[in-house]
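Visitor: What follows is a single structure, and I will ask about it in a moment.
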Amino acid sequence: MKRSWYHEPWAWLVFILPFTAVIAGIATYIIANTNPDTLVVGDYYKTGKTINLQVAKVKQAQRLGMRFALQLENKELIIKPTGIEKTFPLLNVNFFHPTLEKNDFYLALTPDGNGYFRHTFDNDISGKWKITITPFDNISDTSWKIQDTISLPQSNFIDIIPDPTKAQ
């Protein structure tokens, strides 16, 4: 007596393998389209042209002897100038997250009585960040820029020094 095809285990094995590949392909397509990767920099050509200008600003910071020390503890950010005996009326501080553009933020900090720049955050700022410190008048020919990649929080002060290899 002959058995029907659906009673044979080999028939189900032949059908299940391609069926699972189709299901996995559909799941991959859905995941890829619901969570697209964000571009941190949209216009790469324009960014590439400005790299030389950024390197010049970092080299200017080196010539001026600009250095800062940074600490983030208990949601309080402290940035103190350590390299030059100059007071700054305002510092522009940008925080760039390495993968999530929506987490990037900007601070304009004024000094306290000691010359330190302070900011208190409402939420935890932890993880790896690319930090950029520039003066308030960032458009002049004598403007400078310091960039570094840091991990937060930091209980001790870490030095932020100008390094042309980190300029972007």
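Visitor: Can you find a residue that is touching a helix residue (DSSP H, G or I) at 6+ places or on another chain (Cβ under 6 Å), at pLDDT 90 or above, assigned by TED's automatic domain parsing to the domain that holds Gln62 and of a type in the set (Val, Ile, Thr) anywhere in region 127-147?
Guide: yes
Visitor: If a residue must be under 19 Å from Ser126 (Cβ atoms) and outside any strand (DSSP E or B), how many such residues does region 58-94 contain?
Guide: 2
Visitor: Among the residues of region 105-120, write down those that are surrounded by 14 or more Cβ atoms within 10 Å (Cβ to Cβ) and assigned to a loop (DSSP other than H, G, I, E, B).
Guide: Correct list: Tyr116 only.
Visitor: Tell me, which residue of region 13-64 that is modelled with pLDDT of 85 or more and in contact with a Lys or Arg (Cβ under 9 Å, 6 or more places away or on another chain) is farthest from Pro98 (Cα to Cα)?
Guide: Among those that are modelled with pLDDT of 85 or more and in contact with a Lys or Arg (Cβ under 9 Å, 6 or more places away or on another chain), it is Leu64.
Visitor: Here is a check on your reading of the model: is Leu100 surrounded by 15 or more Cβ atoms within 10 Å (Cβ to Cβ) and either in contact (Cβ under 8 Å) with a residue 24 or more places away in the chain or more than 16 Å from the chain's Cα centre (by Cα) (or both)?
Guide: Spelling it out, it is not the case that Leu100 is surrounded by 15 or more Cβ atoms within 10 Å (Cβ to Cβ) and either in contact (Cβ under 8 Å) with a residue 24 or more places away in the chain or more than 16 Å from the chain's Cα centre (by Cα) (or both).
The values are calculated or read from the model by the stated rules, or taken from the named source; none is laboratory data. No experiment lies behind these values; they were computed from the predicted model shown. Reconstructed Cβ throughout: ideal geometry from the backbone, glycine too, with neighbour counts over all protein chains shown.
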